[in-house]
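Student: Below is a structure I'd like to ask you about.
The values are calculated or read from the model by the stated rules, or taken from the named source; none is laboratory data. What you see is a predicted model; the values in this text were computed from it and never measured. Here the Cβ positions follow ideal geometry from the backbone for every residue, glycine too, while neighbour counts run over all protein chains shown. Each accessible area value is taken on the protein alone, full model and side chains, heavy atoms only, with ligands, DNA and RNA left out. Shrake-Rupley method; radii C 1.70, N 1.55, O 1.52, S 1.80 Å.
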Amino acid sequence: MIPSRLRLGVNIDHVATIRNARGGDHPDPVRAAEIVAAVGGDGITAHLREDRRHIRDEDLARIQAATNLPLNLEMAATDEMVEIALRHMPHAACIVPERREERTTEGGLDAAGQHNRLAPIVARLTDAGIRVSLFIAPEPRQIEAAMRLGAQVVELHTGEYAHAEGEAQAAELRRLADMAALAAKNGIEPHAGHGLTFDNVQPIAAIPQLAELNIGHYLIGEAIFTGLDHAVRRMRELMDAAR
Ligand code: PXP
């Protein structure tokens, strides 16, 4: 099934990064979530990292209470995070690889190599009614692994695409389009995200099978100059124009 409207999930982690730089409560990611809801964003994405460097446990409930938008909780595949997800019951849980020393989520989850570790985690979340998404590189073996794990969603990592140029970027785009088609053909809803900007979002948004993009760092950066409302609206316009 080809979704007609591409959803925009806004990752608000870096509002919390700025808040935490001074240890107080400003700027509040909840206020960002409210603005995203007011300007027609389709969801809030937040990554509760092991080191709590941006979003903290108490932010999750506050975000959920403040808006009706679905919360997509990005989380490492650990028992601690599963317990937190089960307590908060987000709309979706996106399982990401997490290394303490990385600046951001640098690569995709090795769903193919970690089947036995991931299977009970995917099952617990799914059984509780949480939609499970796996953040994977756009590779056939990772899609096949997601199928074996019974994930409802895969989020295709667009970082390589975002950092490449010229023919290398065109090749990455083809890979993403092929993997979105492969996922959809096999009943998995494909999403995409990482490193997307006003300049590079449109070829991704034009991939017909994609149902959702999750975008954070660039939007929060733009918000410094033009406001979050304007940044989200502009991203939405570009996505719609590409469809
Ligand atoms: N999707 C996932 C699974 C991520 O881990 C991230 C980064 O936290 C994003 C999307 C958003 O990436 P960016 O902040 O580069 O837009």
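Student: Between residue 114 and residue 89, 0.36 nm times their residue separation minus their Cα-Cα distance comes to what?
Tutor: So the chain would gain 6.6 nm between residue 114 and residue 89.
Student: Now, a different point. Remind me, relative contact order of segment 148-243 in percent, using alpha carbon pairs under 8 angstrom and six or more residues apart?
Tutor: Taking the mean separation of contacting Cα pairs over the length of segment 148-243, I get 27 percent.
Student: Per the helix-only calculation at 222 nm, which mean residue ellipticity applies to the chain, given -39500 (n - 2.57) for every DSSP H run of n ≥ 4 and division by its residues, nearest 500 deg cm²/dmol?
Tutor: -14500 deg cm²/dmol
Student: Considering only protein heavy atoms and a 1.4 Å probe, what is the carbon-and-sulfur percentage of the accessible area of the chain?
Tutor: Percent of accessible area from carbon and sulfur atoms in the chain: 51.
Student: Over the chain, what is the mean sequence separation of C-alpha contacts under 8 Å (at least six apart), divided by residue count, expressed as relative contact order in percent?
Tutor: Taking the mean separation of contacting Cα pairs over the length of the chain, I get 20 percent.
Student: Next up: Work out the length of the dipole vector of segment 1-107 about its Cα centre, built from +1 on the beta-carbon of each Lys and Arg and -1 on the beta-carbon of each Asp and Glu, and round it to the nearest 20 debye.
Tutor: Roughly 340 debye, rounded to the nearest 20.
Student: List the residues whose amide H sits under 5 Å from the amide H of residue 214, counting only those 5 or more places along or on another chain, with H placed 1.01 Å from N in the peptide plane.
Tutor: The answer is 9, 192, 193, 194.
Student: Which value, in Å², gives the accessible area per residue of the chain when a 1.4 Å probe is used on the protein heavy atoms?
Tutor: About 45 Å² of surface per residue is accessible.
Student: I want to check the label-to-label distance for residue 181 and residue 68. Put each point 7 Å from Cα in the C-beta direction and report it in nm to one decimal.
Tutor: Between residue 181 and residue 68, the label points sit 3.8 nm apart.
Student: Can you find, among 149, 112, 134, the residue farthest towards the positive end of the dipole of segment 65-181? Put +1 on the C-beta of Lys and Arg, -1 on that of Asp and Glu.
Tutor: Of the candidates, 149 comes out farthest on the positive side.
Student: Ordering 133, 4 by accessible area with a probe of 1.4 Å, largest first, what comes out?
Tutor: Largest to smallest exposure gives the sequence 4, 133.
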